[in-house]
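Visitor: I'd like to ask some things about the structure below.
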Amino acid sequence: MRDKGLIALNYKVIILDEVHERSVESDLVLVCVKQFLMKNKDLRIVLMSATADITRYKDYFKDLGRGERVEVLAIPSSSQQKTIFERRVFHLEQVTELLGESSTSSSLSLRYCSGLFPSMANADIKPEVHKLIHDLVLHIHENESDIEKSILVFLPTYYSLEQQWYLLKPLSSSFKVHILHRSVDTEQALMAMKIWKSHRKVILATNIAESSVTIPKVAFVIDSCRSLQVFWDTNRKRESAELVWVSKSQAEQRRGRTGRTCDGQIYRLVTTSFFSTLEDYELPSILRLSLRQQVLQICCAESKAISDPKVLLQKTLDPPDPEVVEDALSMLVHMRTLEKTPPRGRYEPTFYGRLLASFSLSFDASVLILKFGDIGMLREGILLGVLMDTQPLPILRPFGDEHLSTEYIDCYFSEDSDNTGLTGRKEILVMGNLCAFQFWQRVFKDKLRVEHLKQLFLFDETKASTLLLPEHEEEWCFFHNLVQSSLNHVSETYEDVLNSVHRFRPKFFGLSCGLPCYYDPYEFAHTCILKCQPKGDSDALEVNDDHLEPSHKTKKCFAIPFVASDKFKKTDVATKFAAIIKEIKVQCTEDMSGYQNINDGSHGNGEPSICIYFANGYCNRGDQCLFSHSLQAKRPTCKFFFSFQGCRNGESCSFSHDMVLPVSSYSPTLCLPEDGDAKAASLLGLFPKSSDGLILLLDDTDLHYSLNFARYFDPSKIVATTSLPQASIFESTLEEVKIFWDLYHPFQTVISKEGENPIPWNEVECVLWFPNFGSSSEVPIEPQKVLLQYFFEYLAIRILADALKQVRVIVTMNNIRFSQLEAEKLGRDSFFFLSESFPFDEKTFGKLPETVTTKKPMIESRPISYVFKLHPPSVVQFGDYATRLHQLLYNIQRRDVE
């Protein structure tokens, strides 16, 4: 709806499910649908929920001004479900009575809930609550003979899951304990939940299990009635999580996890009176968050009906405080993502703002990406931004064993904060996972790429490499403490963000290319040293690895560290990461005019910083103290404030929250679009300088590119191929151009039957291709991708087999099409890396036959020349693959291509 407006709702009926969940996005979808309902009277909306406040939704849609009829339909049970299963609810009084404890309701609330009512009780989980859950699990187990009936326990945090798990750990002979948390791969965890004949299944879960997953055979739900919610923290200038009591609606959702296939019992660990005073519904996200990202996205909306955040947000089901919206607008204007336009004072997005809003990431992660782009490290920045928003992260986090988790991180990133400036745990975690992702790309994925090239002409499917089987990737990841699904998720999101940058083409993008940092050093090598280790008790998650040998469960690679400190430019990336985090923190909190140029550690006149112990009243060193005992002295810098975690103490912090970077180093760079002028010199400058070098124009259908290039480059050094029959075109300018007629690209131009190829590849220094995919939007995208993939694959084999190290490849196409085809990824999969890109001069060299239209604001559809350089995979790592490719190339029996 944001991108297409009313056109997005070109349906007869739209169904919005789980409307009670009340994320900011779901509330915005609801208000946008309502706005568009006023323009489309034929559209019907169906809202679905088991626990929503029906009256509120009826009233919300009654004011459309057209006599709207809002119907409420109760969905009956399926006719096939003949048995209505009973769900019995027990509160704390009944639970303690079951366990033999008799106390008054008020004393139970004080003991287990820290108060008589939710408004006067904090939601922390006391040790007594964990002990109560432990005893209740045992009671259920002893009194329920059916071992297949499992127990689901709702707890609010990862820490509380750990605490409960530690208590249940000694009972492993009776229970199989599973964990559901967003840091754990949910798909893998659910696959592991087998029905046991000898053990009862206990699932410890956060609110991820309220509606996101369906767990079979749950007969008992133990609900702590606590939840973790995210709020905007004005002190820390970031969103932070707080423990709160659940609403009655949430408790009903949790109750609904049982009673589906058998009778269910629900144990709520609050008293009946306490439960009766809980809020009916949880506070919607739109009233808890800063709304920066949502306000920016609203301002970027295509339709004027939904592009004014002040108006639109006041029409939501629960309008946020206007001051919150104003604060978000002010901050976005300060960051130059929005600008206020006269005379009506509308907020219009800048190019920078539209580019930020195009990323499917959080606001901070998106800002970080573009700041890395400004310093020429866009691709590293994209990975860091994606990892900031990813759960679970690629590096395995063994539940209940933080020491082992730290060991796994250290295998990839172990740097002194004094060398990098990284202080926050989250940043170190992200850096470790960046190195892990790059390690996966460099070692496993590159191996697959080499094997794929070697197999291209082995058409007998029985000869396919076993390395291509998915389970071998899962096994390899397990050996190196990695989560396969997370790596693939990061990879997909990375491509999505990168393709968005290709569509917008910011000014820095043309030169923000080159070899990824994980190719430094180039001859990186990793050889697995696999050893069996005893399977520890710390692994609470049973992995579904029936396809593996039993010993694989305990095999690990001991060739550590996987990424040494001098590999992948780790220190350089981490240092820039730390500096950019500080920039973002400053930019998002205060106006720059309030900051002075402060040097870290002392005043400009060399005076020492204040003694923190003196400031707090208990320094016992007196005159011997090396720090100042003057309250006017500078306070040491708070290392937490300038991390993404932020400082939770706010203004009461004993350390300084002032900027530690010189003002001159801070630059709120306005991200600008690429310069519009196309220069012929940009392309001509890449042509061979030596008299022996040739340029090769592949698939020059009507030879008009050859004709134009012959005016600026020696025609005798131009080789062209065309699918046209010989001499169907005659131009005197083309007399010296070497033309190969009746060749179809890429099957005959790059790879030919029995290796016989007429093109003098040993003399070619520059390959140019102007792919013609047609201008019609009806042309399917997949055949185009396949053609582009073949181009890169065949050219990679030709270059690697013939050791053509000098060849530079230039592909010219529309930038929107380049993005749609994920052309950079296709090139990278054959070891071609984008080294630069620039607008193609159609006035000088001729128009591209393909045009792609776009109405997106600030996205310009234009022809771009993309310069690729093939970087051969490491011989140290993959052996003499070139000889094998050479043999295949010159012994090939090409199959018919239709």
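The values are calculated or read from the model by the stated rules, or taken from the named source; none is laboratory data. This one's a predicted model, so the numbers in the text were calculated from it and none came from an experiment. Note that we place each Cβ from the backbone using ideal geometry, even for glycine, and neighbour counts take in every protein chain shown. SASA here: full protein model, heavy atoms, side chains in, ligands and nucleic acids out. Shrake-Rupley method; radii C 1.70, N 1.55, O 1.52, S 1.80 Å.
Visitor: Find the residue count for region 827-853, including only residues that are open to solvent by less than 50 Å² (accessible area, probe 1.4 Å) and farther than 19 Å from Tyr518 by Cβ.
Guide: Adding up the residues that qualify gives 12.
Visitor: Please determine, by comparing only the residues of region 11-70 that are of a type in the set (Asp, Glu) and more than 31 Å from the chain's Cα centre (by Cα), which one is surrounded by the fewest Cβ atoms within 10 Å (Cβ to Cβ).
Guide: Asp42
Visitor: Now for a different question. Pairs needed: first member in region 728-741, part of a loop (DSSP other than H, G, I, E, B); second member anywhere, open to solvent by 80 Å² or more (accessible area, probe 1.4 Å) and modelled with pLDDT under 90; C-beta distance under 6 Å; at least 6 residues apart or different chains.
Guide: Every condition considered, the pairs that remain are Trp741/Gln726.
Visitor: Please state which one of Glu279, Glu323 is outside any loop (DSSP other than H, G, I, E, B), open to solvent by 40 Å² or more (accessible area, probe 1.4 Å), at pLDDT 90 or above and not polar (S, T, N, Q).
Guide: Every option except Glu323 fails the conditions.
Visitor: If you go through region 790-805 one residue at a time, how many are farther than 20 Å from Asp700 by Cα, touching a Phe, Trp or Tyr at 6+ places or on another chain (Cβ under 9 Å) and either of a type in the set (A, V, I, L, M, F, W, C) or modelled with pLDDT of 95 or more (or both)?
Guide: Residues in region 790-805 being farther than 20 Å from Asp700 by Cα, touching a Phe, Trp or Tyr at 6+ places or on another chain (Cβ under 9 Å) and either of a type in the set (A, V, I, L, M, F, W, C) or modelled with pLDDT of 95 or more (or both): 6 in total.
Visitor: Does region 490-530 hold any residues that are under 30 Å from Ser682 (Cα atoms), in a helix (DSSP H, G or I) and among the charged types (D, E, K, R), and which are they?
Guide: Glu495, Asp496, Arg503, Lys507 - these are the residues of region 490-530 that are under 30 Å from Ser682 (Cα atoms), in a helix (DSSP H, G or I) and among the charged types (D, E, K, R).
Visitor: Identify, by number, the condition in (1) assigned by the TED database to the domain that holds Ala52; (2) open to solvent by 10 Å² or more (accessible area, probe 1.4 Å) that Ser273 doesn't meet.
Guide: Unmet for Ser273, out of (1) assigned by the TED database to the domain that holds Ala52; (2) open to solvent by 10 Å² or more (accessible area, probe 1.4 Å): (1).
Visitor: Taking region 685-730, which residues are at pLDDT below 90 and of a type in the set (Gly, Ala, Ser)?
Guide: Scanning region 685-730 gives Ser690, Ser691, Ser723, Ala727, Ser728.
Visitor: What number of residues in region 563-574 are open to solvent by less than 70 Å² (accessible area, probe 1.4 Å), in a loop (DSSP other than H, G, I, E, B) and closer than 19 Å to Leu383 by Cα?
Guide: The number of residues fulfilling the criteria is 3.
Yes/no matrix, rows are residues, columns are (1) at pLDDT 95 or above; (2) touching a Phe, Trp or Tyr at 6+ places or on another chain (Cβ under 9 Å):
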{"position": "Ser732", "(1), (2)": "no, no"}
{"position": "Glu735", "(1), (2)": "no, no"}
{"position": "Phe747", "(1), (2)": "no, yes"}
{"position": "Trp769", "(1), (2)": "yes, yes"}
{"position": "Gly774", "(1), (2)": "no, no"}
{"position": "Glu778", "(1), (2)": "no, no"}
{"position": "Val807", "(1), (2)": "no, yes"}
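Visitor: Say we look at region 410-449 and pick out the residues that are part of a helix (DSSP H, G or I) and aromatic (Phe, Trp, Tyr); which of these is surrounded by the most Cβ atoms within 10 Å (Cβ to Cβ)?
Guide: Once the filter is applied, the top-ranked residue is Phe437.
Visitor: Can you tell me which of Cys262, Cys225 is closer than 15 Å to Ile140 by Cβ and of a type outside the set (Phe, Trp, Tyr)?
Guide: Just one listed residue meets the conditions, Cys262.
Visitor: Of the numbered conditions (1) under 28 Å from Asn122 (Cα atoms); (2) surrounded by 16 or more Cβ atoms within 10 Å (Cβ to Cβ); (3) modelled with pLDDT under 90, Arg182 fails exactly one; give the number of that condition.
Guide: (2)
Visitor: Can you tell me which of (1) of a type outside the set (Phe, Trp, Tyr); (2) assigned to a strand (DSSP E or B); (3) open to solvent by less than 60 Å² (accessible area, probe 1.4 Å) is the one Gly259 doesn't meet?
Guide: (2)
Visitor: Collect the residues in region 399-409 that are in a helix (DSSP H, G or I) and closer than 19 Å to Ala205 by Cα, keeping them in residue-number order.
Guide: Glu402, the sole residue that qualifies.
Visitor: Among the residues of region 108-123, write down those that are part of a helix (DSSP H, G or I) and surrounded by 19 or more Cβ atoms within 10 Å (Cβ to Cβ).
Guide: Correct list: Leu108, Ser109, Tyr112, Cys113, Pro118.
Visitor: The conditions are (1) open to solvent by 10 Å² or more (accessible area, probe 1.4 Å); (2) closer than 15 Å to Ala357 by Cα, and Leu291 fails exactly one of them. Which is it?
Guide: Among (1) open to solvent by 10 Å² or more (accessible area, probe 1.4 Å); (2) closer than 15 Å to Ala357 by Cα, the lone unmet condition for Leu291 is (1).
Visitor: Now a separate question. Working only within region 244-256, note down all residues that are under 13 Å from Phe220 (Cβ atoms) and either modelled with pLDDT under 90 or open to solvent by less than 40 Å² (accessible area, probe 1.4 Å) (or both).
Guide: Correct list: Arg254 only.
Visitor: Next question, about the same structure. Taking into account only those residues within region 668-716 that are under 18 Å from Leu511 (Cβ atoms) and free of Cβ contacts under 8 Å to residues at least 24 places away in the same chain, which is surrounded by the most Cβ atoms within 10 Å (Cβ to Cβ)?
Guide: The selected residue is Ala681.
Visitor: Before we move on, is Phe833 touching a helix residue (DSSP H, G or I) at 6+ places or on another chain (Cβ under 8 Å), aromatic (Phe, Trp, Tyr) and assigned to a helix (DSSP H, G or I)?
Guide: No, not satisfied.
Visitor: Name the residue, out of Glu549, Glu590, that is farther than 29 Å from Gly424 by Cβ, modelled with pLDDT under 90 and open to solvent by 80 Å² or more (accessible area, probe 1.4 Å).
Guide: Sole residue among the options that is farther than 29 Å from Gly424 by Cβ, modelled with pLDDT under 90 and open to solvent by 80 Å² or more (accessible area, probe 1.4 Å): Glu549.
Visitor: Right, here's the next one. Is there any pair linking a residue in region 133-146 that is closer than 19 Å to Leu204 by Cα to one that is open to solvent by 40 Å² or more (accessible area, probe 1.4 Å) and modelled with pLDDT of 95 or more, with Cβ under 7 Å and at least six apart or on different chains, and which?
Guide: Sorted first by the residue in region 133-146, then by its partner, the pairs are His134/Leu167.
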